[in-house]
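Each value in this text was obtained by applying a stated rule to the coordinates, not by laboratory testing. If you're wondering where the values come from, they're calculated on a predicted model, not measured in any experiment. A quick note on method: Cβ atoms are made from the backbone with ideal geometry, for glycine too, and the neighbour counts reach across all protein chains shown.
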């Protein structure tokens, strides 16, 4: 299993807080060219201005999202992410596939 984060500081923090054997934590660039059975991607941006920073580079996000062989879990703030057309379409697709969950749903919390 792998956790991919877009920022080096987040990768360092996750490595400190999740010292789990067999769990690989790296940046998008650091994980390029490799795959894992399950991948969690942290889409860390959350702000009222809808600024998504590095996440706007959809080529890199495509690289990150294609690293999972069987299971991909994206974690992020959809209110911020949906300000970008790519993420808006992605979230609409996930909702249509019944693959979208929110922490505000009773069965998720």
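What residue among 90, 73, 43 shows peak mean-square fluctuation when the chain is described by a Gaussian network model with Cα springs under 10 Å? In the Gaussian network model the winner is 90.
Ordered by the count of other Cβ atoms within 10 Å of each Cβ, fewest first, 86, 31 give 86, 31.
In percent, rounded to a whole number, the relative contact order of the chain is 26, using alpha-carbon pairs under 8 Å and six or more apart.
Principal axis extents of the C-alpha atoms in the stretch 3-42 (largest first, rounded to whole Å): 24, 21, 13.
The long axis of helix 85-96 is offset from the longest Cα principal axis of the chain by roughly 80 degrees. Result for the chain in a Gaussian network model with C-alpha springs under 10 Å: among 47, 62, 98, the largest mean-square fluctuation is at 98. For the chain, report the % of Cα-Cα distances exceeding 15 Å. When all Cα pairs of the chain are counted, 65 percent exceed 15 Å.
Which one of 85, 48, 19 has the biggest mean-square fluctuation once the chain is modelled by GNM with Cα springs under 10 Å? Sorting by GNM fluctuation, first place goes to 48. Taking other Cβ atoms within 10 Å as a rough exposure proxy, 61, 1 sort from fewest to most as 1, 61.
Rank the residues 84, 96 as a footprinting-exposure proxy: fewest other Cβ atoms within 10 Å of their Cβ go first.
The order, fewest Cβ neighbours first, is 96, 84.
Dividing the helix sum by the residues of the chain, where each DSSP H run of 4 or more adds -39500 (n - 2.57), gives a mean residue ellipticity at 222 nm of -8500 deg cm²/dmol.
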